[in-house]
Amino acid sequence: MVVMRKAVKPAARIKGTAARIKGVEIKRLEGKKARVRREKVEKVKKPAIKKVVGERKAAIELLDVDTELAELEQKMAGGEIEAIAKFEEHATFTCPEGYQEQARYWITEPYVWVAILFNQEKNERIYYLVEPSLSPSEKKVLELLHEHMLDRLIYDERLKDRDITLMDTAVELLDEYGISIDEETLKKLVYYLKRNYIGDCKIDALLKDPRIEDISCDGVGIPIFLYHQDYQNIRTNVVYSDAIELNLFVGRLVEKAGKQISLGKPTVEATLPQGYRLQATIGTEVTTKGSTFTIRRFRDEPFTPVDLIKYKTFSPEMLAYLWLAAENKRNIMIVGGTASGKTSTLNAISLFMPPDAKIISMEDTRELSLYQENWVASVTRPAHGEKAITMYDLLTQALRQRPEIIIVGEVRGHEALTLFQAMATGHTVYSTMHAGSIQEMVYRLEGEPINTPHHMLTALDIVCVQLLAYVNDARVRRNQSTLEIRGVDQETSGLVTNRLFERDPITDRFEMVGNSLVMNEIMRERGWSALKIKEELENRRRVLEYLAKKNINNIEEVSNIIRQFYFEPEKVMKQIGLKESESRAEEARK
Ligand SMILES: Nc1ncnc2c1ncn2[C@@H]1O[C@H](COP(=O)(O)OP(=O)(O)O)[C@@H](O)[C@H]1O
Ligand SMILES: [Mg+2]
């Protein structure tokens, strides 16, 4: 947010700046306090529109088939041309040689859009960001404003309307310089000021594009690469070609995330204000091509079990199983590679935990978002002069607070041992771990530096192995297998597991491949018959399928229904049954 402060000696500054921009077709107004003319520019016919219309007309003239002519004319009348022209209203865009345009879409109408370009020869695709074009003189004015704006602005997070303050300050400055610009130019300038002061500079638009999953800057002079939902890995026309500019920008990003980076401590992991994960390095010491950053864009809404069904990461049947297991306080570990969706799955299945149980979560950076109120969310602190607070510290602290459920964002080091001890002493534990398979998980837990004794691993009940897979070239997250830890083999002393669900990579479907020991235990604990537990699983599956069908996936609604189901299952089933028969009746009527 922005507060204005009067410039100390505006008159002195105006003289200098006005002299500098003289000669560049900006009109300097005479008089002490010249007014910036913010008159409305009358709608002139834009050359871009003229060009497109002209081309279409020429095309029509060449055609001798009546129907095609009629079709084209119809399209013209249908506003298609206006829609095309609108993209180029504030920007001139020429497709680079050798490339063909495959798609365009808006990021922020009417200023920022993206063209997806393809070069067949090089087999290369570009995500071409188009922002308002500035003439050389407009660029100079922008530089000028940049130079002096900071003096006037003090950022204050509590102030509401930064946009207006920014616009007003720009107008005030221009007024003092005696620069006259039209409304259109002013808006374009304010776009850049806003992007650079409030937004995220060159990558502002990238952060706003919901189709982008990852943004990577690999160094100075290298184009920024993206992971795009529709085009997978793709390069952009956005480059930081100046080392100083890049360093400053990385410093600013890290600062926004509430951390610090310096040559003494050149790597940082943090969470941006938008909730996205940031990993950054500065200088050339650890990354030889210069400062780097990787941003993993996250959904604004936390993952719920319904999302896992929607994305086909789990089947409703598997989630019903995890629901019943979580409700009955089984220990669950999600393992998988980077960005395989471990944390998202953890967040989703956390909604199944018994409502009102005391939960303590610990993470390196805050990612989890639960709906439960009886929840203490803690994070580690790196050493910044003070003593670091590690996962182990948090965990030992947590155990003193008598939690029922402990959630560890990611197990990495010697806190794992304590975590297994916590399981052994009756706490329920959920966590994730970086490992490609159950074998790798065991290997890491038992090897250096964690050294968990073999028999302790049996305290774990369920392991979900998550996978970043490809289906028709699209990146998808799938549960590869769900298994149960059975015990230690007396003879071979190997860990015995029970495979329950497996994914078939060819059909991309899940299969139940075993009988659940965990369900057997729960049956015994609760004195349920085989029929009863089948019914319990079936009901939960129906609830989940119902939510998925109705597309109810926000955390509040999903949590409320799970909560209601915990206390009054019959009531929920009755409501769902009624609604199901209603929709069946409606379908029959059609
Ligand atoms: N089941 C899923 N389906 C689709 N996208 C997912 C799924 N799980 C996670 N994602 C997306 O994948 C990215 C990485 O997810 P995250 O849970 O942080 O992975 P991990 O913890 O394994 O590194 C995020 O952008 C998230 O939105
Ligand atoms: Mg994670």
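The values are calculated or read from the model by the stated rules, or taken from the named source; none is laboratory data. Since we're looking at a predicted model, the values are computed, not measured. Reconstructed Cβ throughout: ideal geometry from the backbone, glycine too, with neighbour counts over all protein chains shown.
Summary of values
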{"item": "Selection status of Leu226, touching a residue at least 24 places away in the same chain (Cβ under 8 Å) and within 30 Å of Val471 (Cβ to Cβ)", "result": "yes"}
{"item": "Where a residue in segment 409-425 is over 14 Å from Thr380 (Cβ atoms) and in contact (Cβ under 8 Å) with a residue 60 or more places away in the chain and its partner, wherever it lies, is away from ligand 1 (no atom under 16 Å from the Cβ) and assigned to a loop (DSSP other than H, G, I, E, B), with Cβ under 8 Å and at least six apart", "result": "Met423/Asn331; Met423/Leu460"}
{"item": "Matching entry among Val190, Val286, Val268, Val238 (being within 24 Å of Leu145 (Cβ to Cβ) and either modelled with pLDDT under 95 or surrounded by fewer than 16 Cβ atoms within 10 Å (Cβ to Cβ) (or both))", "result": "Val190"}
{"item": "Test: residue in segment 436-445 that is touching a His at 6+ places or on another chain (Cβ under 7 Å), of a type in the set (D, E, K, R) and in a helix (DSSP H, G or I)", "result": "no"}
{"item": "Test: Pro273 is away from ligand 1 (no atom under 16 Å from the Cβ), modelled with pLDDT under 95, over 23 Å from Leu144 (Cα atoms) and surrounded by fewer than 21 Cβ atoms within 10 Å (Cβ to Cβ)", "result": "yes"}
{"item": "Of all residues making up segment 106-153, the number that are touching a residue at least 60 places away in the same chain (Cβ under 8 Å) and outside any helix (DSSP H, G or I)", "result": "15"}
{"item": "Any chance Arg235 is within 16 Å of ligand 1 (Cβ to nearest atom), over 28 Å from Lys549 (Cα atoms) and in contact with a Lys or Arg (Cβ under 8 Å, 6 or more places away or on another chain)", "result": "no"}
{"item": "Wholly enclosed helices (runs of 4 or more DSSP H) of segment 305-366 bearing at least 1 residues within 13 Å of ligand 1 (Cβ to nearest atom) and closer than 23 Å to Leu419 by Cα", "result": "342-350"}
{"item": "Unmet criterion (only one of (1) within 23 Å of the chain's Cα centre (by Cα); (2) touching a residue at least 24 places away in the same chain (Cβ under 8 Å)) for Ser378", "result": "(2)"}
{"item": "Residue count, segment 312-335 (criterion: of a type outside the set (Val, Ile, Thr) and within 16 Å of ligand 2 (Cβ to nearest atom))", "result": "1"}
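Per-residue answers, yes or no, for (1) within 16 Å of ligand 1 (Cβ to nearest atom); (2) outside the structural domain of Thr458 (by TED's automatic domain parsing); (3) surrounded by 17 or more Cβ atoms within 10 Å (Cβ to Cβ); (4) closer than 22 Å to Lys259 by Cβ:
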residue	(1), (2), (3), (4)
Lys387	no, no, no, yes
Asp393	no, no, no, yes
Ala416	no, no, yes, no
Gln421	no, no, no, no
His427	no, no, yes, no
Tyr430	yes, no, yes, no
Ala435	yes, no, yes, no
Leu445	no, no, yes, no
